[in-house]
Amino acid sequence: MARGNKADALAAWDKKYVWHPFTQQADWVKEEPVVVESARGWHFKDTRGRRYLDGVSSLWVNVHGHGEPALNAALRRQLKKMAHVTFLGLTHEPAVRLARELVRLAPRGLTRVFYSDNGSTAVEVAMKMAFQYGAQREGHVRRSEFFALANSYHGDTLGSVSVGGIGLFHKRFRPLLFKTHFGLSPSCPRCPFNRLKKTNCLYPLRGKRTGVLPKPGDLRRETGCRWECLASAEKIFRARRDRLAAAVVEPAVQAAAGMLVMPPGYLRGLERLCRRYGVLLIADEVATGFGRTGTMFAVQHEGVRPDLMCVSKSITGGTLPLAATLAREEIYRAFLGRYEEFKTFFHGHTYTANPLACAAALANLRLYRTRRLLRRLTPRIRLLRSWLEGVASLPAVGSVRQIGLMAGVELVRKKNGMRPFPPELKMGQRVCRAARAGGLWIRPLSDIIVILPPLALPAPMFRRMLGVIRESIRQTVPPAERPL
Ligand SMILES: *Cc1c(COP(=O)(O)O)cnc(C)c1O
């Protein structure tokens, strides 16, 4: 088939047969889809020969670029041995080695690895473990409720939707969900108490004084903040302390809600509350894990040690689906007993610990080590920081947020008061479309431009990407709608 004909045929069949995730199909079928043919390095190419820089790491998963030879070689080596065998009643080298490696990298205390195959299930597993742990430790079912944060996102299966706090995605399913108490979202630009005293959230860069955080009092001096977000969590903990199975949080940044970076110190404060009230802490590191925030895991910025931790997205460097839930030994031990006591964790997925995915993850993590990837992020984290500081002064930019190589730029109609654009203007989408014309593929979260490059993206390429974004914002926001 000629190239043009093939592209047309695929586009037509897509519109005829496929239903896309998080997509209004009525809009989708009106537009020409980008049919990706291949991806190499930092770019992918469509069936019409156009090339795009993959600016959101293929939805936050790609690390070393596409077609990374070391990952492909690991996959080919594993494929020669086996593609898949069940993990129910069997084990294999890639899964065993990967579990050992994950425990080595994880915050201290997390010693057991339970595999699944996507972020949502990793969260489901953690919640089921927390629930069953509570029941088995205390001898009766009492802890069947969860604490989560407004604006949180933990996946799309019903358990993870139950702890989701994004109205647009989650509210309609409320009748199907279990009981969750939502604490105030620790996001300064959204704070109902200190309205707009602090519209930007730039998490402290890690320098020589690694691990030193601003004191809670600093924020108070700056904005008059009284940590109402922590107080709202404490109020729930105090009232439901005997009912809560766990608190589930995205550490340091609520990513899907629009890169809402938490004020430094919140996470540590929440951990303290969990300990004080005897509530397990589940860290959902699905988005933040494996270096995206500048440390291997986001909890490590504040020395927080969760009881359960969920990882997925970047784990295989963006090659295959895989997830894991890490647990403390004490939790694991509560599931031990004679078979007929039925303390077993009755949960498992058909493709649990798929050997190909585990081999890819091992090769991926080896590259982190041999290429000293995390240490080499610092210059680009700084580059992003100074670019954001510049962009923050644009008339259409209401707020910029950053932690590590995760950032969000929020577009507003009126800077003063952060007045949003009407949703029907689809401002975020329009900026991203303009970027596409400049050869950059990015996806907005409503009117928030998400910046999440593959971790190894070289600085010159990153600089070019940031240039395209700035220019796209400048071009797209029409002068009439600019304030001042
Ligand atoms: C993406 C994401 C999930 C869900 O992962 P899936 O693989 O899409 O199911 C869960 N939690 C967080 C924080 C995420 O960003």
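The values are calculated or read from the model by the stated rules, or taken from the named source; none is laboratory data. What you see is a predicted model; the values in this text were computed from it and never measured. When we count neighbours, we look across all protein chains shown, and the Cβ atoms used for this are built from the backbone with ideal geometry, even at glycine. For accessibility, only protein heavy atoms count, side chains too; no ligands or nucleic acids. Shrake-Rupley method; radii C 1.70, N 1.55, O 1.52, S 1.80 Å.
Some observations on this one:
- Charging the Cβ of each Asp and Glu at -1 and of each Lys and Arg at +1, and nothing else, the dipole of the stretch 71-370 about its Cα centre rounds to 740 debye.
- Surface accessible to a 1.4 Å probe, residue 129 within the full protein complex, Å²: 20
- Positive-pole candidate from 475, 58, 441, dipole of the chain, charges at beta carbon: 475
- Above-threshold pairs, the threshold being 30 Å between Cα atoms, out of 30/171; 171/343; 197/313; 197/235; 16/45; 6/30: 171/343; 197/313
- Projecting the Cα atoms of 315, 96, 25 onto the charge dipole of the chain (Cβ charges, centred on the Cα centre) puts 315 farthest toward the positive pole.
- For residue 112, the residues 5 or more places off, or on other chains, whose built amide H falls under 5 Å of its own are 327.
- Whole-Hz ³J(HN,Hα) from phi, Karplus 6.51 cos²θ - 1.76 cosθ + 1.60, for the stretch 29-35, glycine and proline x: 6, 7, 10, 7, x, 8, 9
- Relative frequency of Cα-Cα separations exceeding 42 Å in the chain, percent: 16
- Sequence-separation-based contact order of the chain, relative, with Cα cut under 8 Å and 6+ spacing, percent: 21
- For the stretch 360-420, trypsin sites (Lys or Arg not before Pro) meeting the loop criterion (DSSP other than H, G, I, E, B) and having at most 12 other Cβ atoms within 10 Å: 372.
- 3J(HN,Hα) couplings calculated from phi for the stretch 438-447 with the Karplus curve 6.51 cos²θ - 1.76 cosθ + 1.60 (θ = phi - 60°) are, in sequence order, x, x, 10, 9, 9, 10, x, 10, 6, 9 Hz; Gly and Pro show x.
- Computed over the chain, the per-residue total of -39500 (n - 2.57) for DSSP H runs of n ≥ 4 gives a 222 nm mean residue ellipticity of -11000 deg cm²/dmol, rounded to 500.
- Low-density loop positions, trypsin sites (Lys or Arg not before Pro), the stretch 280-342 - DSSP coil, at most 16 other Cβ in 10 Å: 338
- Simple point charges give the picture: +1 on the Cβ of Lys and Arg, -1 on the Cβ of Asp and Glu, and for the stretch 53-152 a dipole about the Cα centre of about 460 debye.
- Considering only the chain, percent of DSSP beta bridges that pair antiparallel, nearest 5: 65
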